[in-house]
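Read the structure below first, then the notes.
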Amino acid sequence: MEKNKIIEVLKKEIETLGQFNIENNDTLIFSPGYLDSLNIINLITFIESEFEVKIDPFDVNLDSFESLNKISEYIENKLNENS
């Protein structure tokens, strides 16, 4: 799946979960508090289901989940590992 499609799907889900609009692909989504801990769990479950990847709980950190670009890069890496 191409990066733009991944970002499109993620953006829609994150905006729904956090009830806010993401301005651009580098907008910070966790440190400003747009998503709470329950939303983060829901997002992880969504990603695993939608993209058929397994997320290691130790991978969930600001380095890999702070923005749409970071999350899409993480998903792309996971998809490449599985292919």
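The values are calculated or read from the model by the stated rules, or taken from the named source; none is laboratory data. None of the values given here were measured: they were computed from a predicted structure. Glycine also receives a Cβ, built like all others from the backbone with ideal geometry; neighbour counts cover every protein chain displayed.
Data overview
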item	result
Test set (1) surrounded by 12 or more Cβ atoms within 10 Å (Cβ to Cβ); (2) touching a residue at least 24 places away in the same chain (Cβ under 8 Å); (3) not acidic (Asp, Glu) - residue 41 fails condition number	(2)
All positions within segment 46-66 that are modelled with pLDDT of 95 or more and within 17 Å of residue 29 (Cα to Cα)	46, 47
Pair list, Cβ < 9 Å and 6+ apart or interchain, from segment 1-15 residues that are in contact (Cβ under 8 Å) with a residue 40 or more places away in the chain and over 21 Å from residue 80 (Cβ atoms) to residues that are of a type in the set (Lys, Arg) and part of a loop (DSSP other than H, G, I, E, B)	none
Search result, residues across segment 65-83 that are small (Gly, Ala, Ser), under 19 Å from residue 14 (Cβ atoms) and either exposed (fewer than 15 other Cβ atoms within 10 Å of the Cβ) or in contact with a strand residue (DSSP E or B) (Cβ under 9 Å, 6 or more places away or on another chain) (or both)	none
Residue tally, condition loosely packed, with under 11 Cβ neighbours inside 10 Å and in contact with a helix residue (DSSP H, G or I) (Cβ under 9 Å, 6 or more places away or on another chain), over segment 11-21	1
Considering residues of segment 47-72 that are part of a helix (DSSP H, G or I) and under 9 Å from the mean Cα position of the chain (by Cα) only, the residue nearest to residue 5 (Cα to Cα)	72
Filter pass, residue 24 being of a type outside the set (Phe, Trp, Tyr), surrounded by fewer than 18 Cβ atoms within 10 Å (Cβ to Cβ) and part of a loop (DSSP other than H, G, I, E, B)	yes
